[in-house]
Amino acid sequence: MINMLSREDLQNILEEGKTAIERASSLRELDQVRIEYLGKKGRLTSVLKTLGQLPPEERKEVGRVANEVRQKLEVDILARQDELSRAEKAERLIAETVDITLPGRQSVFGNRHLIAQVINEITDIFIGLGYKVAEGPEVELDYYNFKALNTPADHPARSLQDTFYIKKESVQPADDDILLRTHTSPVQIRVMKSQQPPVYIIAPGRAYRRDVPDPTHSPMFHQVEGLAVDEGITFGDLKGTLEEFTKQLFGRERQVRMLAREGFIEQPPENDQRIRLRPHFFPFTEPSAEVDVRCIACGGVGCRICGGGWLEILGAGMVDPNVLIEVGYDPERVSGFAFGMGVERIAMLMYGVPDIRMFVDNDMRFISQF
Ligand code: DAH
């Protein structure tokens, strides 16, 4: 009885095991089946454990059959394992397929803001002339912005209408009034107070004025300040420096030189960019001048942009002895020149930008053109 039962049991186990193996749809499921039938507590093992209860003459026979069943199941499992792993691999390959014929995703490249580009261009020219770049704070003290620059207490720029004040306790100017610098000239004072001559620096940066925005006015704008103090500096040095600067910036001297070097043109044409100095007044320079360049649009004949052929691009002059004394320099020993230019204005002239507000509108259609 036990004998028969056991044989039948074994037969059932084989049949059911085969079916389970066949039905296993993943390697995981197949492993579960293996454990269920052949594992330590599996169905075949349980049968083998009852072997001892059989009469000795049948033990051998049942044991042989049980071993056969195990071998058959093992073979089936291996075969199914092979099948399943092939299928799973094929599926993975399909899932991971990359369609190399699909169009790629365009990455959008940024570009420097035109104002930053022009500042870099101006800076490069002066670095080429031996100048260093200096910086100062945009939130400044009255002392550096006005007083040390020889600007009198009743100067209109000091009025509440013209300057953004952050701390101002009385109508009378005080050295420690805090304001947004109205020009980059205070950097001159900070540099001179921190070092002895010779000084050759430019200071690019933002400046602020209480102007109502219109096509030529913006409450925030950029300037590049320049300062040279040394023994024997003359007005001729100022003129020569600015002439060289304007030749390089507006005469596109560098590009032309590069073209010649690369063999695109035989010889750089003569750069006839000229400047014109008109007498002017600034509190911190004496004498002072406003500097014009020949119109870069019409070359000096006169057009809609310039009117009479000339464009005003900067203010300049010889550093006032009062300023030198204020920073502790000896005006008998050293002299200097200074200049300041508006970056927006220069960018507008160079690129034909009609409205200063376009620089801060953040309209990509405008910004990405440059
Ligand atoms: N700070 C002047 C302004 O904002 C520009 C200027 C004029 C700067 C003459 C200078 C200078 O250094 O010498 O209008």
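Numbers below:
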item	result
Theoretical gain in end-to-end length, LYS132 to GLU231 [0.36 nm per residue, Cα-Cα removed]	33.8 nm
Descending semi-axes in whole angstrom, ellipsoid equivalent of region 114-367, from the Cα gyration tensor	31, 24, 16
Helix-derived mean residue ellipticity, 222 nm - over the chain, DSSP H n ≥ 4, -39500 (n - 2.57), to 500	-13000 deg cm²/dmol
Test item: Cα-centred dipole of the chain, Lys/Arg +1 and Asp/Glu -1 on Cβ, debye	1200 debye
For the chain, the longest site-free run once trypsin sites (Lys or Arg not before Pro) in DSSP loop states with at most 15 other Cβ atoms within 10 Å are removed	113-209
Added length on full extension, which subtracts the Cα-Cα distance from 0.36 nm per residue, LEU93 to ILE166	19.7 nm
37 °C / 0.692 mPa s Stokes-Einstein diffusion coefficient of region 3-95, Kirkwood radius on C-alpha pairs, µm²/s	232 µm²/s
Among the listed pairs LYS18/LYS41; LYS193/LYS239; LYS40/LYS89; LYS193/LYS247, those beyond 23 Å (Cα-Cα)	LYS193/LYS239; LYS40/LYS89; LYS193/LYS247
Segment ARG274-GLU36, extension gain: residue separation times 0.36 nm, minus the distance between their alpha carbons	75.9 nm
Computed FRET value (nearest 0.05) for ALA157 with ARG112, which takes r as the C-beta separation and R₀ as 30 Å	0.45
Probe 1.4 Å, all protein chains present, accessible-area order of SER46, SER107, SER185, largest first	SER107, SER46, SER185
Region 221-236 residues near the modelled ASP330 label - backbone nitrogen below 18 Å, point 7 Å along Cα→Cβ	229-233
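The values are calculated or read from the model by the stated rules, or taken from the named source; none is laboratory data. For clarity, every value in this text was computed on a predicted model and none was experimentally measured. A quick note on method: Cβ atoms are made from the backbone with ideal geometry, for glycine too, and the neighbour counts reach across all protein chains shown. Surface accessibility is based on the protein's heavy atoms, side chains included, excluding ligands, DNA and RNA. Shrake-Rupley method; radii C 1.70, N 1.55, O 1.52, S 1.80 Å.
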